[in-house]
Amino acid sequence: MTEPRGLPPDTVGLLEGIATTRAIRRYRDEPIPAEVLRAILFAATRAPSGSNRQPFRMLVLTDGPKAAEAKRLIAESARRTWGAKRVADAYDAGSGTDPSSPKARTARAMQHYVDHFETVPVLILPCLVRYRAPNSFEGASVYPACQNLLLAARALGYGGVLTGFHFGAEAALRELLGVPDEAFMAATITLGRPVGRHGPVRRRPMAELVYEEQWGTPPAWAVDPPGTEHTSAGPPTAHPPSR
Ligand SMILES: Cc1cc2nc3c(=O)[nH]c(=O)nc-3n(C[C@H](O)[C@H](O)[C@H](O)COP(=O)(O)O)c2cc1C
């Protein structure tokens, strides 16, 4: 494993890290040391952006009084948002009545996450300082930094998840933290030492997502590596699709 100069060593290679950076919503009750936060935020700030303008800003909230209040505000919003989604998406009906079903497991993880939101070790509010009228491409100058951040956390044995839970508390957060009007509050990321292990991500087979030459036609080489796990939207087996 290569060790970047002046940064902690990676615990995992880049490609393996990408394939195992899952949404982590349960954290051990441990702070993230400053040198780890430094490395994670360094990685975030190395992300690309349009014309290299670097309009993203990362507001990091750990254990200060404003951090506690921001966590409380977002926790309330998270509980409202998840509570409504749980009902609207019928998480407790159908297969959700079987506690071992993926639906029930997701509901439990989400409920635990929002119920314990005040105690997340680190909260990060990625923002985009707008320099022109909002447009549908602008997120491309802030979300790469968010993914760099999550990948760097994974590389150092930490984990997190990107959410939209700040949207229900945006006005109060702006007031509390002095976020100016021209800064778009792009996400809420929580980070910590995971309870449990980093599993492989489950996605659709790449042949459903990658096309060549024309829309809808996967390339012959679009074959997932052996052992790749898929979501239920994918095929019933973990083997590459045969064509
Ligand atoms: C744009 C976006 C919005 C998301 N919003 C939320 C959210 O509001 N709450 C949440 O708990 N997770 C949220 N997530 C996390 C996704 O649910 C998660 O990445 C996805 O289910 C895949 O999980 P996995 O990587 O563990 O397989 C969001 C992710 C993205 C990329």
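The values are calculated or read from the model by the stated rules, or taken from the named source; none is laboratory data. These figures come from a predicted structure and were not determined experimentally. Cβ: placed from backbone, ideal geometry, glycine included. Neighbour counts: every protein chain shown.
The single condition among (1) crowded, with 18+ Cβ neighbours inside 10 Å; (2) assigned to a loop (DSSP other than H, G, I, E, B) that residue 30 does not meet is (1).
Closer than 14 Å to residue 154 by Cβ, assigned to a loop (DSSP other than H, G, I, E, B) and in contact (Cβ under 8 Å) with a residue 12 or more places away in the chain - does that describe any residue in the range 37-46? Can you show your working first?
Of all residues in the range 37-46, those closer than 14 Å to residue 154 by Cβ come to 39-40, 43-44.
Still in the running and assigned to a loop (DSSP other than H, G, I, E, B): none.
For the range 37-46, residues closer than 14 Å to residue 154 by Cβ, assigned to a loop (DSSP other than H, G, I, E, B) and in contact (Cβ under 8 Å) with a residue 12 or more places away in the chain: absent.
Being of a type in the set (D, E, K, R), surrounded by 15 or more Cβ atoms within 10 Å (Cβ to Cβ) and either closer than 24 Å to residue 42 by Cα or at pLDDT 95 or above (or both) is not true of residue 80. You will find that of 119, 45, the residue that is under 19 Å from residue 169 (Cα atoms), in the same structural domain as residue 141 (by TED's automatic domain parsing) and among the polar types (S, T, N, Q) is 119 and no other. Residue 197: of a type in the set (Lys, Arg) and in contact with an Asp or Glu (Cβ under 9 Å, 6 or more places away or on another chain), yes or no? No, not satisfied. Does the range 91-102 contain at least one residue that is touching a Lys or Arg at 6+ places or on another chain (Cβ under 6 Å) and free of Cβ contacts under 8 Å to residues at least 12 places away in the same chain? So far as the range 91-102 goes, yes, one or more of its residues are touching a Lys or Arg at 6+ places or on another chain (Cβ under 6 Å) and free of Cβ contacts under 8 Å to residues at least 12 places away in the same chain.
Could you tell me whether residue 23 is of a type in the set (Gly, Ala, Ser) and either in contact with a Phe, Trp or Tyr (Cβ under 7 Å, 6 or more places away or on another chain) or surrounded by 11 or more Cβ atoms within 10 Å (Cβ to Cβ) (or both)? Before the answer, list the steps.
On the way: of a type in the set (Gly, Ala, Ser): yes; either in contact with a Phe, Trp or Tyr (Cβ under 7 Å, 6 or more places away or on another chain) or surrounded by 11 or more Cβ atoms within 10 Å (Cβ to Cβ) (or both): yes.
Yes; evaluated as a whole, the condition is true for this residue.
Being within 11 Å of the ligand (Cβ to nearest atom) and not small (Gly, Ala, Ser) narrows it down to one of 223, 201, so name that one. Before the answer, list the steps.
Values: 223 fails: within 11 Å of the ligand (Cβ to nearest atom).
Going through 223, 201 in turn, the sole match is 201.
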